[in-house]
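The values are calculated or read from the model by the stated rules, or taken from the named source; none is laboratory data. Being a predicted model, the structure only gives us computed values, none of them experimental. Here Cβ is always computed from backbone atoms with ideal geometry, including for glycine, and neighbour counts include all displayed protein chains. For the accessible areas, the whole protein counts, side chains as well, though only heavy atoms, and no ligand, DNA or RNA atoms are used. Shrake-Rupley method; radii C 1.70, N 1.55, O 1.52, S 1.80 Å.
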Amino acid sequence: GAKNGMSMERMHALGIDPAAVAGYSKEQGLRLFLAMQQLVSGWRDNDVVRANAGIQAFSAWLPRVNPTDYPSLQKRRVELWYNRTAHGTIANVFLYFIAMVLFLLVAVGVSQKLWYVAMPLFTVAVLAHLTAMGVRWWLAGRIPIQNQFESVLGSALLGCLIGWGLELWRRNGLFGMAMSFVGFLAMIACFAAP
C-alpha cells in the first residue's frame with residue numbers, strides 16, 4: 001500500500017471503504033483501488049512506468065472480482081479485433097464500393113466479364129458483413145437488433161443477401177449494383193456515426 005501512495009488506514013481516514021464498492025471483498029476493493037490510484041497518479045505525473053504498472057495491476061485483478069461473469073481471453077481478443085475494425089465496417093466499405101463500381105460497369109454494358117470479378121467481391125463483402133453481425137451477436141449474447149446501429153447493419157445485410165440471390169439469378173449487374181450500394185451506404189453511415 002505504501003508503495004502505491006495509500007495504505008488501508010489512509011483509505012479509511014479519507015472515508016473510503018473498498019469493501020463497500022459493489023460487494024467486493026476488502027482485498028479486491030483495496031487492490032483495485034490501489035491499482036487505479038497508481039494508474040491515475042502515473043497519468044497525472046506523466047510517469048509511464050507507474051501508469052502502466054497500475055494498468056497491469058488493475059487488469060490482473062479484474063478477472064478475480066467475478067470470474068464467472070468475466071469474459072474469456074478468447075472473447076476479449078475477438079472484441080478487441082471487432083472494435084479495432086470499427087465493428088467490421090472498415091473492410092466492408094471498400095469491398096461493397098468496388099463491387100458496386102464493377103456491377104455498374106456490367107449494368108451499362110462495358111463488359112459482361114467484369115461480373116465474374118464483381119460477384120466474388122460482393123460475395124466476400126456479404127460474408128464479411130454476416131460474420132461481423134454474427135460476432136456482434138456472440139459478444140452481446142443477444143440478437144443484434146436492439147439499437148439503430150444494429151438495425152441499420154441488419155437491414156442492409158438482409159437486403160444484400162436478397163440482392164446477392166437476385167444477382168446470381170439474373171446476372172445483369174443491376175441487383176448487385178443496387179445492393180452493393182445499400183451495403184456501402186450502411187457501412188459508411190455506421191462507420192461515420194458516433
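Could you grab me the full set of residues in the range 41-80 that are of a type in the set (S, T, N, Q) and at pLDDT 90 or above? Walk me through how you get there before you give the answer.
Just the residues of the range 41-80 that are of a type in the set (S, T, N, Q), to begin with: 41, 46, 52, 56, 59, 66, 68, 72, 74.
Passing the criteria: SER41, ASN46, ASN52, GLN56, GLN74.
Residue pairs whose Cβ atoms lie under 7 Å apart, separated by 6 or more positions or on different chains, with the first residue in the range 58-87 and more than 28 Å from THR131 (Cα to Cα) and the second among the aliphatic types (A, V, I, L, M) and in a helix (DSSP H, G or I), are PHE58/LEU32; PHE58/ALA35; PHE58/MET36; PHE58/LEU39; TRP61/LEU32; TRP61/ALA35.
Picking from residues in the range 68-106 that are not aromatic (Phe, Trp, Tyr) and not in a helix (DSSP H, G or I), the one that is surrounded by the most Cβ atoms within 10 Å (Cβ to Cβ) is GLY88.
Look at the range 167-186: where a residue is of a type in the set (Val, Ile, Thr) and a partner is crowded, with 21+ Cβ neighbours inside 10 Å, sitting 6+ places away or on another chain with Cβ atoms under 6 Å, you get VAL182/ALA156.
Within the range 33-48, the set of residues being in contact with a Gly (Cβ under 8 Å, 6 or more places away or on another chain) and not in a helix (DSSP H, G or I) is empty.
Scanning the range 113-129 for residues that are open to solvent by 30 Å² or more (accessible area, probe 1.4 Å) and either within 14 Å of the chain's Cα centre (by Cα) or among the small types (Gly, Ala, Ser) (or both) gives a single hit, ALA128.
Looking at ILE145, ILE162, just one residue is at pLDDT 95 or above, of a type in the set (A, V, I, L, M) and either touching a Lys or Arg at 6+ places or on another chain (Cβ under 6 Å) or surrounded by fewer than 14 Cβ atoms within 10 Å (Cβ to Cβ) (or both), and that residue is ILE162.
You will find that of VAL110, VAL48, VAL65, the residue that is exposed (fewer than 14 other Cβ atoms within 10 Å of the Cβ), of a type in the set (Val, Ile, Thr) and more than 30 Å from LEU157 (Cβ to Cβ) is VAL48 and no other.
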